[in-house]
Structures are given as C-alpha cells and as structure tokens.
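A short write-up of the structure that comes next.
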Amino acid sequence: TPPPNGPMISITSLGVTPKTLTVTVGAQVTFVNNDSRPHFMQSDPHPDHTDCPEINSVGTLNPGQSRQTGNLTIVRTCGYHDHNDAENANLRGSIVIQ
C-alpha cells in the first residue's frame, strides 16, 4: 500500500511524530500506526473527547493500519491522545488548523 498523501501523523513505540502538525482549513490528517500494538486515538479532553470530534473518527488503529480524521473545518488547535494510554505524554499531540 502506498503511503498516504497529505498531512500525516506516525505512531511508533516512541510516540507520535510530529508532536504538532499545522494544516489548512478543510484538511484531513492521516494517522498511521507503525507500532506493534493498537492505539485508540481520540480528541482531547480525556475522557470526553469533545474538543475536535473530527479526530474521533480515527478510533482504534491496529498495527499497520491508517485512518483519516474528518475534515478539520474550524480554525483552532486540536489536542489528541491515545485513549487507552491517556497519561502518556509521548502519545499526545496537537493539530493546528489555520
């Protein structure tokens, strides 16, 4: 499978890369799980996931899977985290929409 085009966040055993990603209004971001375990990516705050619901469409990614957010249509900064490891700072990041 070819790598996704456009903005992308990679998840590895070391965490998410990049920690902060800047995109234009209307963009979608692809999360790619390059780790050997599943990750459940959700919008902040934990456990409500209400700040940027477009991120919640990523959901659970098994190893090797990728999935896109919904269209990010509001200028803002969206925090996200791995719901199953919410306190792990390495699995927290933000998407800046401008």
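Taking the condition of being assigned to a loop (DSSP other than H, G, I, E, B), under 13 Å from the mean Cα position of the chain (by Cα) and under 17 Å from Glu87 (Cα atoms), how many residues in region 42-65 meet it?
Of the residues in that region, 2 qualify.
Pull out all pairs, ordered by first then second residue, where Cβ-Cβ is under 9 Å, the residues are six or more apart or on different chains, the first lies in region 79-98 and is open to solvent by 10 Å² or more (accessible area, probe 1.4 Å), and the second is at pLDDT below 95 and among the hydroxyl-bearing types (Ser, Thr, Tyr).
Pairs found: none.
Table: residues versus (1) free of Cβ contacts under 8 Å to residues at least 12 places away in the same chain; (2) on the phi > 0 side of the Ramachandran plot; (3) open to solvent by less than 80 Å² (accessible area, probe 1.4 Å).
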{"position": "Asn5", "(1), (2), (3)": "yes, no, no"}
{"position": "Ser13", "(1), (2), (3)": "no, no, no"}
{"position": "Val23", "(1), (2), (3)": "no, no, yes"}
{"position": "Ala27", "(1), (2), (3)": "no, no, yes"}
{"position": "Val32", "(1), (2), (3)": "no, no, yes"}
{"position": "Gly59", "(1), (2), (3)": "no, yes, yes"}
{"position": "Thr69", "(1), (2), (3)": "no, no, yes"}
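The values are calculated or read from the model by the stated rules, or taken from the named source; none is laboratory data. Everything numeric in this text was worked out from a predicted model, so none of it was measured. Every residue, glycine among them, receives a Cβ derived from its backbone with ideal geometry; neighbour counts consider all protein chains shown. Accessible surface is based on the protein model in full, side chains and every heavy atom, while ligands, DNA and RNA are left aside. Shrake-Rupley method; radii C 1.70, N 1.55, O 1.52, S 1.80 Å.
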